[in-house]
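Working notes for the structure below.
The values are calculated or read from the model by the stated rules, or taken from the named source; none is laboratory data. None of the values given here were measured: they were computed from a predicted structure. Don't worry about glycine lacking a Cβ; one is built from the backbone with ideal geometry, like all the others, and counts go over all protein chains shown.
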Amino acid sequence: MNQDAFQHSIRKLLKTVGVNTQQEIEKAVQQAIDAGDLKGDEQLPARVTVTVDGIDLALTFDGDITLE
């Protein structure tokens, strides 16, 4: 296994996931505020799950997204 290629591919995947996820969350929160479903001062529970096919790996991370 090429450790450099392996680590680079992991970092690339996580960067893509991070950037795209942030954009989608921002868009969804703004739409909810515009629709009146959120006031803009909430704390939203969030969960991220990562699975990797081919190996027995499933990770779940919990946290909060604070709007104010």
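Among the candidates Val29, Val48, Val17, the residue that is part of a strand (DSSP E or B) and of a type in the set (Val, Ile, Thr) is uniquely Val48.
Inclusion of Ala5 among residues that are assigned to a helix (DSSP H, G or I), surrounded by fewer than 10 Cβ atoms within 10 Å (Cβ to Cβ), modelled with pLDDT of 95 or more and among the hydrophobic types (A, V, I, L, M, F, W, C) is warranted.
Residues in the stretch 10-65 that are surrounded by fewer than 10 Cβ atoms within 10 Å (Cβ to Cβ) and in contact with a Phe, Trp or Tyr (Cβ under 9 Å, 6 or more places away or on another chain): Arg47, Thr49.
The set of residues in the stretch 17-32 that are without any contact (Cβ under 8 Å) to a residue 12 or more places away in the chain and over 10 Å from the mean Cα position of the chain (by Cα) comprises Glu26, Lys27, Ala28, Gln30, Gln31, Ala32.
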